[in-house]
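A quick write-up on the structure given underneath.
The values are calculated or read from the model by the stated rules, or taken from the named source; none is laboratory data. All of these numbers come straight from a predicted model, not from anything done at the bench. Ideal geometry is used to build each Cβ from the backbone, glycine not excepted, and the neighbour counts take in all protein chains shown.
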Amino acid sequence: MKLLSKPNNSQTIIAEDVSIDGDISLKGNVTIYGEIRGSVVTDGAIQLSKNGKIFGDVKASMIQINGYIQGDAIINGPAELLKGCELVGNLQYKVLTIEDGAQFSGRCDIIVDE
C-alpha cells in the first residue's frame, strides 16, 4: 500500500454560508468568506473576503484583509488592509500596506528579526 504525501500548499476555504463558533488551527493557506467567532492560527496566509468576519485573534505568515476583524493580529510577514476592510484590534507585522478607505482602530507594532 502506497501512502499519499500531503500537499505542501494546502488551501482551506470557508464558504460565505458557513459560521464557525470556536478556534481554528491549521497548516497552509485559508480563504474566509464566512464568519468565525474564535481565533484563527495558521503557518500559511489568511485571505479575508469582503463579507468575511473574524471575531477573535489571528496569527499567520501573511494576511490580506478585505472584510472585518475584531481582535489582535500577529502577522509574521506582510499585512494588507484593503480599502473596504475594518480592523478593530492591535496589529503586529513585518510589512504593512494600508489602502485609502481601510479602517483601522488599534496599535501597530513592527516585528523586527533579531
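Within the option set ALA79, ALA60, being modelled with pLDDT of 95 or more, buried (at least 18 other Cβ atoms within 10 Å of the Cβ), under 20 Å from ASP100 (Cα atoms) and among the hydrophobic types (A, V, I, L, M, F, W, C) holds for one residue only, ALA79.
Taking the criterion of being within 30 Å of GLU114 (Cα to Cα) and basic (Lys, Arg), would at least one residue in the range 27-41 satisfy it? Yes, that holds for at least one residue.
Residues in the range 22-77 that are β-branched (Val, Ile, Thr) and within 15 Å of TYR93 (Cβ to Cβ): how many?
To start, the set of residues in the range 22-77 that are β-branched (Val, Ile, Thr) comprises 24, 30-32, 36, 40-42, 46, 54, 58, 63, 65, 69, 74-75.
This time we only want the ones that are within 15 Å of TYR93 (Cβ to Cβ), so: 46, 58, 63, 65, 69, 74-75.
Matching residues across the range 22-77 total 7.
Scanning the range 82-98 for residues that are surrounded by 13 or more Cβ atoms within 10 Å (Cβ to Cβ) and either of a type in the set (Asp, Glu) or not in a loop (DSSP other than H, G, I, E, B) (or both) turns up GLU86, LEU87, VAL88, LEU91, GLN92, TYR93, LEU96, ILE98.
Do we have GLY71 as over 15 Å from SER105 (Cβ atoms) and modelled with pLDDT of 95 or more here?
Values: over 15 Å from SER105 (Cβ atoms): no; modelled with pLDDT of 95 or more: yes.
When the stated conditions are applied, GLY71 does not pass them.
Kindly indicate which of VAL18, VAL30, VAL58, VAL41 is in contact (Cβ under 8 Å) with a residue 12 or more places away in the chain, of a type in the set (A, V, I, L, M, F, W, C) and in contact with a Gly (Cβ under 6 Å, 6 or more places away or on another chain). Break it down into steps so the answer makes sense when it comes.
Values: VAL30 fails: in contact with a Gly (Cβ under 6 Å, 6 or more places away or on another chain); VAL58 fails: in contact with a Gly (Cβ under 6 Å, 6 or more places away or on another chain); VAL41 fails: in contact with a Gly (Cβ under 6 Å, 6 or more places away or on another chain).
Among VAL18, VAL30, VAL58, VAL41, only VAL18 is in contact (Cβ under 8 Å) with a residue 12 or more places away in the chain, of a type in the set (A, V, I, L, M, F, W, C) and in contact with a Gly (Cβ under 6 Å, 6 or more places away or on another chain).
Residues in the range 29-48: is at least one touching a Pro at 6+ places or on another chain (Cβ under 7 Å), at pLDDT 95 or above and surrounded by 14 or more Cβ atoms within 10 Å (Cβ to Cβ)? No, the range 29-48 has no match at all.
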